[in-house]
Each structure stands twice: as C-alpha cells, then as structure tokens.
Amino acid sequence: MEQTLPVKSSVPRYRQLDSLRGLGALSVFFAHFISLKMASPLLNTLHQTPLGILCNGTAALMLFFVLSGFVLSLPFVGNERPLKLGEFYIKRIFRIYPAYIFAIILAVLLKEFVFDKNGLSPYSNWLNNFWNWNWDKDSPKEILKTLLLIGPDFKINYIDPPIWSLVIEMKMSIILPFFILIVARGSKTVNIGFLLVMAWLTYEHNAWAISVFYLGILMAKYKDGLLTFIRSWKAGVVVVIASLAMLLYNNNYELLGPIKKLDLPSKYILSYFLCAIGSCVILMTVLARPNASRFFQKRIFTFFGDISYSFYLVHVPLILTVGSLISNRLAYSPVYIFFAAFMAAVVLSYLMAVYIEKPFQRLAVRIVKTFKSSYR
C-alpha cells in the first residue's frame, strides 16, 4: 500500500485521492480489529450488506493498487514529463523503505519487550497465528529478509502481516515504468487489448496484481476524456453508476457467494478484478463530480490520507500489542483495545509522516537533482 505526501511537483495534486486512500486505510484497520473476534452473527450480517464496505480490507487494497498505478503514471502517460528510470526508482525506494524499516523495527521491539502472547488467548485463531516465533539462529536472517522485502521463502506474516501488499508494491514498482511507456505510446485499442491479454495470462497465477495496477495507468491516460464524460451525467445516472461501483467494490462480501458458484477457476481473483473496476469508477467519479470532489477535500479526510501509509504499517502491531495487554482484564475490553490502538496508530503515524516520510521524500528529490547536475 502506497501513499503520497506533499512534495513539489508539476502535476496537479488531487487531495481527494489522498482522502480515498485514508478511508481505505481506516477500513483495513476496522477489518483487522473486527478479526479479534471472527465468529459473530452480527458481523456476518454486516458483511452481507453495503455497510460491509466500512471493514472491507480486501477491497481497500485493490483501491490502493489502482491509486498507485494512477498517481505514479499521471506525470508520464500524457508525455508531460520524460520517464527516467533512475529518478523513478530512487523516489520509490525513498518513499517506501524509510517508514517501512522504522515500522518493522518498532514491531520487533513491541513483540519482544511489550507484547504478552498469553493475552491473545481469548481472541480469534487468525490473531493467534501471529508473533509465535522465538529468537533462534534463524531469527536475524528472517528479520533481515523482512526489512529488505526479499526472499526466498519470505515469511510475510513473521513481523507485520499487512506487508504482503508492500511486497506486491515493490515488485510492481520495478516493472511499472515499462507499462507506463506502453500506455503512453499506445493507442486506445492497443492499451485495452493489452489489458485483456494480461488479465487472461495472469488470471490463474499470483501475478493478478499486474492488471489491477494497469487499470490505474489506463485511468491516468484517459483521465480527461473520462472526467468530461462523467461530468455530462445527470444526477440520477450518477446515483445508479455510483451504486453499481460500490457493489463491485464490495463484491467479495455481497456477491462472492454467487461468484463461487460459477464454473470458473480462481474465483477470488475474479472478485479482485471486480473490486478494482469498482475502485476505478469511484476514483473518477470523485474527481469529476464537484460536490463529491469538495466533500473529499475536507481536512478530516485529507489528514487520514496524509498519514495513511504509516498508519497502514503500524496498525496491526499495535492491535496485537494493545490487545495482548488489555485482553479480558477489563469489562468491555474490545472497546478499550479499539480506542487505545486507534489513537496510538494515529499519533504514531502522524509523527512518522512528519519526521520520516516527508524528510526522506525531500532527500530523494535532492539526490535526483544532484544526480542530474553531475551529468550536465
């Protein structure tokens, strides 16, 4: 999961998209918090209604991937700026790794010195599957692999479970520039045909994320035409299309049962693509419609967008730690766990955004400028 904090750029900054990313990060937090107690008739009922969108972490990740493809390609798909690989990779590394490394070190410290494994016993098996390891000769090697986001045999859940999406983000960052160049130079027929071919080739494999990111690149390429088209819709059409988009976005809760009955392989991947398509429609509608655009530029939403990357990184270690300490020792302990973990994540994420994310983003810009000047 990737997000962008304010840096100087020639490309318009869409604060509405920061807000969508922030809301997505909140829904991931809600999903993981609810997973403290997975068996609940009320929860199952909630999941099968449109309100399930509030805790649909899977859909939020598809939104993150679409947003990454859109935001990262926006300066280049219209040939406004030349795409230089060295500059692109430097900025990606400095964007992703500093806050990530801090979060991993923090999680290890919390696990070793604060976390109480016995305190998780009242909670779900899902939560109890984490932080089961003890220090041995393999621990430093596993921690190093986690810090570097590399394999082989990379244990994604070893320290901070949500980082599986960071592995995808880093892999896509390597190949994304080449897809951007294809879209920037290709015709509409070629670009859409390439999407269909990629979706078909990756459908039964773990490379499904390629098509999801590629959808974001296509949205960036045809942004102006899509925005003009959506602005021409009457209010009733907007309501219908937005409702359909939300249904697609939330399909893994509301429609996955019927999808699973289809005679198709990799049904969950089909569900991912439907989430991604819904995300694209939501993204473009928010940008195109003035009322929606103004609503998502409110400071409460953009604030969570600004801290969303760090929030995403630290929220599970904090839920694990706070949950293990409070456990069932207090009446209404889940309520205390929710507010304590949430507030700790917000405060810590804000500090990380201000003192880690922004400074390293500025450092990346300075490095790129120095690199450019040395070759003039």
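The values are calculated or read from the model by the stated rules, or taken from the named source; none is laboratory data. Note that this is a predicted model, so its numbers are computed, not measured. Virtual Cβ from ideal backbone geometry, glycine too; neighbours counted across all protein chains shown. Accessible surface areas use protein heavy atoms only, side chains included; no ligands, DNA or RNA. Shrake-Rupley method; radii C 1.70, N 1.55, O 1.52, S 1.80 Å.
The number of residues in segment 11-28 that are closer than 13 Å to L67 by Cβ and aliphatic (A, V, I, L, M) comes to 4. The set of residues in segment 57-99 that are open to solvent by 30 Å² or more (accessible area, probe 1.4 Å) and aliphatic (A, V, I, L, M) comprises V71, L83, L85, I90, I93. From the list L330, L283, the one residue that fits, being closer than 24 Å to A60 by Cβ and either crowded, with 16+ Cβ neighbours inside 10 Å or modelled with pLDDT under 95 (or both), is L283. Among the residues that make up segment 277-292, is at least one of them out of contact with any helix residue (DSSP H, G or I) (no Cβ under 8 Å at 6 or more places or on another chain) and free of Cβ contacts under 8 Å to residues at least 12 places away in the same chain? Yes - at least one qualifying residue is present in segment 277-292.
Quick one: in segment 317-340, of everything that is touching a Ser or Thr at 6+ places or on another chain (Cβ under 8 Å) and not β-branched (V, I, T), which residue is nearest to P122 (Cα to Cα)? Result: S327.
Among the residues making up segment 108-156, those that are more than 23 Å from E169 (Cβ to Cβ), open to solvent by less than 80 Å² (accessible area, probe 1.4 Å) and of a type in the set (S, T, N, Q) are S124, N128, S139. Please determine whether any residue of segment 273-287 is in contact with an Asp or Glu (Cβ under 6 Å, 6 or more places away or on another chain), among the polar types (S, T, N, Q) and more than 27 Å from S124 (Cα to Cα). No, that holds for no residue. Pick from segment 48-74 the residues that are without any contact (Cβ under 8 Å) to a residue 40 or more places away in the chain and of a type outside the set (G, A, S): which of them is farthest from S308 (Cα to Cα)? Checking each candidate, the answer is L51. Of the residues that sit in segment 173-183 and are touching a helix residue (DSSP H, G or I) at 6+ places or on another chain (Cβ under 7 Å) and open to solvent by 10 Å² or more (accessible area, probe 1.4 Å), which one is farthest from K91 (Cα to Cα)? Here the residue is I182. Taken over segment 228-241, the residue count meeting the criterion of being buried (at least 16 other Cβ atoms within 10 Å of the Cβ) and touching a helix residue (DSSP H, G or I) at 6+ places or on another chain (Cβ under 6 Å) is 1.
Restricting attention to segment 229-245, the residues that are among the charged types (D, E, K, R) and touching a residue at least 24 places away in the same chain (Cβ under 8 Å) add up to 1. Hey, any hits in segment 152-167 for a residue that's under 22 Å from S279 (Cβ atoms) and without any contact (Cβ under 8 Å) to a residue 12 or more places away in the chain? Yes, segment 152-167 has at least one match.
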